[in-house]
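One structure is given below, encoded as structure tokens.
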Amino acid sequence: MASSATGEDSKFCVILGAQWGDEGKGKLVDILAQKVQLCARFNGGANAGHTLVVEGKKYAFHLLPCGMINKACKNLIGNGVVVHIPTLMKEIQELKDFDARALERIFISTRAHILFDSHQIIDGILEAEQGTNSIGTTKRGIGPCYSAKAIRNGLRFGDLLHFEEFERRLRELIAWSQKRFGDPRERDTPAQLQLRKALREYNTKYAFDPENGQKGGVENIEEEVARYRQFAQILRPQIVDSVTLIHEDISRGYKVLVEGANAALLDIDFGTYPFVTSSNTTVGSVCTGLGVPPKQIDTVIGVVKAYTTRVGHGPFPTELQNEAQTLEDHLETYVGPEQSMERKGHASGPYSLKPGQQVRVGEMLQEVGHEYGTTTGRRRRCGWLDLALVKYSAMVNGFDSINITKLDVLTGLKQLRVAIAYRNKRMTEVRLPCGYFPSHLEDLKEVVCEYETLEGWSEDISTCSHFKELPLNAKKYVLRIQELLGIPVSWVGVGPDRESMFPVDEAIVRPDGSISASPNFPSSPMRGAMSPRGPSPTM
Ligand code: IMP
């Protein structure tokens, strides 16, 4: 494989989630960050995140770019990001043992918006207000902060450099929030009442997550102003004109790595609106979130989990099992090695797998894939790999190659299913056009998946370090994905460690980057004419 497709030789490489998030982007970003001089974030806030293990110690990054773990790498938080400064400071502080000069390597755009505790409280209030129709946000204040940006009462990092004016506008912003959201309302739940009180008093100590009593915050506005005065002093040298910084670094010949937060189907325009995040998570946002032209980008890698997961609410065509485990699920014979693991996040004893046993596939993906929220312990919704969805995501993003993650989680399933096309419930004989993804949730609910069944593998693959070492059926699974998508697979992940991710070489992709399809595979049903207008919404 041409190493620019793996990102290793790219001048400007972008890594994006191709599904609903939690694809495991962190590992590839972590690997590639070892080889670049600048690592940047362009969207989202502390709603994203991954844990990195450096020199035996775990670091949870929500805001810091992954380049922080390479002492020779500069890191940039671009204008498209919304930053909760206390969270940022905590992450920098935690890195002190690894690099005493960590702060000096992080630069923040003067144009990046500041996410305040009030935004987090409002996120909680809005979610509670929606009751069963809530989005299921991370309650990190993302939506309210981007709303402030759009209605133009937001404050940016550049404002910290003019502190008197900043203080005046901060007080105004808080007073505005209190007026809008602070007073109790008729049908308020106890959680809402508590959040409104926290906002009225601007006591944010426990406001972010009233159930778990998240520490941090301040007891009143004066403390908040004082805290931000201190942040302004500490961060002043790091607040920069990021457009100049990135363009200067590019002209110096620096290699740039850009890491996306969240994922394509959570994009505010292209995702499953309204069950999406509040930023653009797809490739166009790299340009608007960093101030670089499209021609600057030379490699875009889409990260695709070997199956599909989703947190929060909204339709999910290949779903097998949900958070409450109330779906029927799909039964399959388990043929892999015997194993037993602790169920994380809930106390119902160990989860065991034995050869010959019938397993509920969705539940197995949850348990073996550790598909739980890291802070909440909530189960993620799990389902088969949906390539109709990934095809759409690839069209929007123009992926040069794909990184398949968590292939090992599928080990032991006698047969695997992959959704290769969508049909409409009422017109099952007609495939929806390749790459089309319904924009309306009612239409998405109407979708039925056309599945292809592939043979699974029984061998443990978690120690494989080369594509050649994978069992034949695991190779076939990977090959079939790239054939159906028409995009080369550049990396495959088979376990949690950095070493468990390997680049895929010419064995399956010709040196010119074209795909050497196996003669055993029929031609791709996904290649085909796409109707320019798409199907009618009533299909
Ligand atoms: P928000 O970004 O906190 O406003 O949440 C909006 C929706 O995006 C919710 O369904 C979240 O669960 C989802 N979401 C946001 N960030 C991520 C992520 O990094 N992984 C998975 N889901 C996410």
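The values are calculated or read from the model by the stated rules, or taken from the named source; none is laboratory data. These figures come from a predicted structure and were not determined experimentally. Neighbour counts run over all protein chains shown; Cβ positions are idealised from the backbone, glycine included. Calculation scope for accessible area: heavy atoms of the full protein, side chains included, ligands and nucleic acids excluded. Shrake-Rupley method; radii C 1.70, N 1.55, O 1.52, S 1.80 Å.
Tabulated data for the structure shown
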item	result
Strands (runs of 3 or more DSSP E) (entirely within the stretch 1-64) containing at least 2 residues that are touching a residue at least 40 places away in the same chain (Cβ under 8 Å) and not aliphatic (A, V, I, L, M)	12-17, 38-41
When residues of the stretch 272-299 are limited to those that are of a type in the set (G, A, S) and touching a Pro at 6+ places or on another chain (Cβ under 9 Å), the one nearest to R252 (Cα to Cα)	G284
Filter result (in contact with a Phe, Trp or Tyr (Cβ under 7 Å, 6 or more places away or on another chain) and away from the ligand (no atom under 16 Å from the Cβ)) within the stretch 2-56	T6, Q37, L38, V54, E55
Selection count where residues are in a helix (DSSP H, G or I) and open to solvent by 10 Å² or more (accessible area, probe 1.4 Å), scope the stretch 71-90	4
Among (1) open to solvent by 30 Å² or more (accessible area, probe 1.4 Å); (2) under 21 Å from R140 (Cβ atoms) - the single one L193 does not satisfy	(2)
Pick from the stretch 91-109, criterion in a helix (DSSP H, G or I), modelled with pLDDT under 95 and open to solvent by 20 Å² or more (accessible area, probe 1.4 Å), ranking: nearest to Q238 (Cα to Cα)	Q93
From T333, T281, T326, T308, residue being touching a strand residue (DSSP E or B) at 6+ places or on another chain (Cβ under 8 Å) and more than 16 Å from the ligand (Cβ to nearest atom)	T333
Pick from the stretch 385-418, criterion assigned to a strand (DSSP E or B) and not β-branched (V, I, T), ranking: farthest from the chain's Cα centre (by Cα)	Q415
D505 vs. criteria charged (D, E, K, R), modelled with pLDDT under 95, surrounded by 15 or more Cβ atoms within 10 Å (Cβ to Cβ) and not in a strand (DSSP E or B)	yes
Residue selected from the stretch 126-160 under the condition within 21 Å of Y273 (Cβ to Cβ), part of a helix (DSSP H, G or I) and in contact with a strand residue (DSSP E or B) (Cβ under 9 Å, 6 or more places away or on another chain), by the criterion nearest to the ligand (Cβ to nearest atom)	I142
Test: residue in the stretch 186-193 that is within 29 Å of N79 (Cα to Cα) and either more than 27 Å from the chain's Cα centre (by Cα) or touching a residue at least 24 places away in the same chain (Cβ under 8 Å) (or both)	no
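Each row is one residue, and each column tells you yes or no for (1) at pLDDT 95 or above; (2) crowded, with 16+ Cβ neighbours inside 10 Å; (3) within 16 Å of the ligand (Cβ to nearest atom).
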position	(1), (2), (3)
F208	no, yes, yes
G217	no, yes, no
Q238	yes, yes, no
L266	yes, yes, yes
